[in-house]
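Read the structure below first, then the notes.
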């Protein structure tokens, strides 16, 4: 079977369809992934820019003696993170209009890398490892807009402890000396593409199987005829000039 002409042709068809599907589908997938990532990063910047506008408004109220600094900061936490959860469990970011897809959250750090605004961390908390916070604070104070984005490894699934890339966009709010930004798991930008990726694989396999099916039924008579002609040629080379009856009938049926 593996040495038959039909098997080899079907194998070639499968390879052509698979390579075409993977090339076209894969290229489209990575182009879409890049575009969605860029769009997501732009949305992060817009959310942070909007949060800076709100902080400036609250700071104006402090300067006008309408609020104390502590009152303004606490009001900022509620407005940016959402209402407080019961039992001091943080803030409900799913209600906040400053979150990304109800998962990316705003966070702000002081010059000592302490939490000043965070969905779950208490104010003033400084973790043992401040590596990521140092990177975000540095990004917030950069003069290059692109460098305001900071990518780092962190736990993305609290249940399993799985780690992955997180992306942050940071800005410096000078009046309060806050480095404020939004943090999101990178795959949130293109998570819907995983469904598209599965469809690409499914469609490629379906087209390959359909091509084999159509090829088999469209060409089986001609392949049998080709095999018969080959055998007849071998017989002629051995001196047997008689054409087999089945070969004559097959040629008539094909014509």
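Within the set 31, 9, 93, the sole residue that is in the same structural domain as residue 169 (by TED's automatic domain parsing), surrounded by 13 or more Cβ atoms within 10 Å (Cβ to Cβ) and either under 18 Å from residue 118 (Cβ atoms) or at pLDDT below 95 (or both) turns out to be 93. List, please: which pairs have Cβ atoms under 9 Å, are six or more places apart or on different chains, and start with a residue in segment 84-100 that is over 26 Å from residue 167 (Cβ atoms) and end with one that is at pLDDT 90 or above and surrounded by 10 or more Cβ atoms within 10 Å (Cβ to Cβ)? Listed pairs, sorted by first residue: 84/77; 84/78; 84/90; 84/91; 84/92; 88/122. For segment 172-194, a tally of residues being at pLDDT below 95 and part of a loop (DSSP other than H, G, I, E, B) returns 3.
For every residue, the table says whether it meets (1) more than 25 Å from residue 33 (Cα to Cα); (2) in contact with a strand residue (DSSP E or B) (Cβ under 8 Å, 6 or more places away or on another chain).
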site: 75; (1), (2): yes, no
site: 87; (1), (2): yes, no
site: 100; (1), (2): no, yes
site: 104; (1), (2): no, yes
site: 115; (1), (2): yes, yes
site: 154; (1), (2): no, yes
site: 161; (1), (2): yes, yes
site: 186; (1), (2): no, yes
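Taking the conditions (1) outside the structural domain of residue 168 (by TED's automatic domain parsing); (2) buried (at least 17 other Cβ atoms within 10 Å of the Cβ) in turn, residue 47 satisfies each one other than (1).
Is it the case, given these coordinates, that residue 123 is under 23 Å from residue 46 (Cβ atoms) and either buried (at least 17 other Cβ atoms within 10 Å of the Cβ) or without any contact (Cβ under 8 Å) to a residue 60 or more places away in the chain (or both)? No.
If you filter segment 98-115 down to residues that are within 23 Å of the chain's Cα centre (by Cα) and surrounded by fewer than 20 Cβ atoms within 10 Å (Cβ to Cβ), you find that the one that is modelled with the highest pLDDT is 98.
The values are calculated or read from the model by the stated rules, or taken from the named source; none is laboratory data. As the structure is a computational prediction, the values presented were derived from the model and not from experiment. All Cβ positions, glycine included, derive from the backbone under ideal geometry; neighbour counts span all protein chains shown.
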